[in-house]
Every structure is written in structure tokens, then in C-alpha cells.
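The values are calculated or read from the model by the stated rules, or taken from the named source; none is laboratory data. Note that this is a predicted model, so its numbers are computed, not measured. Backbone-built Cβ (ideal geometry, glycine too); neighbour counts: all protein chains shown. To get the accessible areas, we keep the full protein, side chains included, count just its heavy atoms, and leave off ligands, DNA and RNA. Shrake-Rupley method; radii C 1.70, N 1.55, O 1.52, S 1.80 Å.
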Amino acid sequence: MKRSAINDIIRDADAFIRSFGYIMPPFAYWTPEQMKARRQDSSAIFSSRLGWDITDYGQGKFDELGLFLFTVRNGRYEDMKNGMGMLYAEKIMISRKDQLSPMHRHNIKAEDIINRGGGKLVLELFMHDRDGGIDPKAEVSVPVDGTIHRLPAGGLLKLDPGESVTLLPGVWHAFWAEGKDVLIGEVSTVNDDLTDNVFREPIGRFADVDEDVAPLHLLVSDYEKWVG
């Protein structure tokens, strides 16, 4: 993805998020220079990979296959092993109309996916088989705001604004927005996008960036290169 396109997506996403009354944390607007200057006293931002995350899954067609994310808070896997501490994470995301977030599952993360506003959020769901792959026949059972919904393998669950679904580790899911762009909330156990995403197809999690202009704000995938 061109950095100029990423900058435009950030600007558009910020306006869309604000239109629903959600206000981003102050560090969202730090410049790359400010991020570098705050490396020591704000180390948790970098170690927890908080911040902007825009991906085309390395496929170069963001409008068709992609997702906007911002990680607001995130704990540590070490705390999960101990069973105490910051065991949770929160993201705000945008799925554009008919933009696919591809089929994947998580080994560890349990998550609530929440339609915060806009169009319908559509999820295609499968259970996992013994080896962790997709079970093409098993019925899918998921709680939607505490009420169990049962669907056939590959069934489509459609969430209206205000509705949410809980996905436990191993549940395969892909999703997209129907009708209009959707603002999505995610509340989960600790999130690790480096190791805990298993995709059905062999694709990447992060975008390859063409630095045609300077970054407006750094992405989480920029931290190692730009901040160290």
C-alpha cells in the first residue's frame, strides 16, 4: 500500500469514528517525531502494539480485501499465564461496504465483535475440526448478546447496530459490511496479531508499505523500523 493512501485512510477513519461519538486516545495523534521522543516514558504503547493498523493482508486490493483497526488497550500474555493482571484488549475497527476480512481463527483469543453503527455486519462462520482446520459439516453455535444462535457450517450471521457476537478460540470467521460501512468494536482477551492469527489462505497479516510520502501517523507495523 502507498503511504499516501494509508494517510488518507487514517483521516477518513478518524472522521468516521468521530461521527459516532467515539473519541480516540491522545496518543493516536502523535506525529512520528513525537512517538520517537516518547519511546521511553510510553513504552507500553510499543510493547503492547497499541495504535493504528491498516491492512490489505499483503494482497494490494484494500477496497476488496482489507480492514482498518486501532488497538486502544492490550494486556500481556505473561499475565494470562499467571491468571491475573491485564488480561483484556480493546480495538475499534472499520469494515467498508463489501470489504472482506478473510477467513481466519485464533488459537488463544476469545473476542466479542460488536456492531457499533452503520450498516449490517455479516460474519461467515465455521467450527474447527480435530486438527484446527475448517469443519465443513459441524453446526455453529455462538452467543449473540447472551442468546445462543445456531447456524449450519458456513452460515451467515448478520448483526445490526448494537448487536454483538462472542467468538471463542478456534471458531473460523470472515466478515464484511453490508449496506453501509460499519464501525466495529472488539473486546477480547489479550491480543497478539504477530502469532495468534491463523488464516485459511496463505496471506499476510500486515500491509507492505510503499513510502511515497511521509507518514501522518505510524502504524503498529512501523514501530520497529521507525522507533526501534
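A few notes on this one:
- Condition check for Lys109: open to solvent by less than 60 Å² (accessible area, probe 1.4 Å), under 28 Å from Val142 (Cα atoms) and assigned to a loop (DSSP other than H, G, I, E, B): yes
Quick grid of which residues meet (1) part of a strand (DSSP E or B); (2) closer than 26 Å to Asn7 by Cα; (3) of a type in the set (Gly, Ala, Ser):
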| residue | (1), (2), (3) |
| --- | --- |
| Val142 | yes, no, no |
| Arg150 | yes, no, no |
| Gly162 | no, no, yes |
| Gly179 | yes, yes, yes |
| Asp192 | no, yes, no |
| Asp212 | no, yes, no |
| His217 | no, yes, no |
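- Taking the numbered list (1) open to solvent by less than 60 Å² (accessible area, probe 1.4 Å); (2) at pLDDT 95 or above in turn, Ala207 passes all entries but (2).
- Search result, residues across the stretch 23-58 that are more than 20 Å from Asp193 (Cβ to Cβ), exposed (fewer than 15 other Cβ atoms within 10 Å of the Cβ) and touching a residue at least 12 places away in the same chain (Cβ under 8 Å): Tyr29, Thr31, Lys36, Arg39
- Test result for Ile184, aliphatic (A, V, I, L, M), part of a strand (DSSP E or B) and either in contact with a helix residue (DSSP H, G or I) (Cβ under 7 Å, 6 or more places away or on another chain) or exposed (fewer than 13 other Cβ atoms within 10 Å of the Cβ) (or both): no
- Sole residue being touching a residue at least 40 places away in the same chain (Cβ under 8 Å) and either touching a Ser or Thr at 6+ places or on another chain (Cβ under 8 Å) or open to solvent by less than 40 Å² (accessible area, probe 1.4 Å) (or both), chosen from Pro143, Pro215, Pro169: Pro215
- All positions within the stretch 1-60 that are among the aromatic types (Phe, Trp, Tyr), in a helix (DSSP H, G or I) and either within 25 Å of Lys97 (Cβ to Cβ) or modelled with pLDDT under 95 (or both): Phe16
- Some residue of the stretch 89-104 being farther than 30 Å from Ser19 by Cα and either open to solvent by 20 Å² or more (accessible area, probe 1.4 Å) or of a type outside the set (Ser, Thr, Tyr) (or both): no
- Some residue of the stretch 70-84 being in contact with a strand residue (DSSP E or B) (Cβ under 9 Å, 6 or more places away or on another chain), without any contact (Cβ under 8 Å) to a residue 60 or more places away in the chain and closer than 20 Å to Ala177 by Cα: yes
- Of all residues in the stretch 11-22, those that are charged (D, E, K, R) have Cβ atoms under 8 Å from Cβ atoms of residues that are in a helix (DSSP H, G or I), 6 or more apart or on another chain, in Asp14/Ala28.
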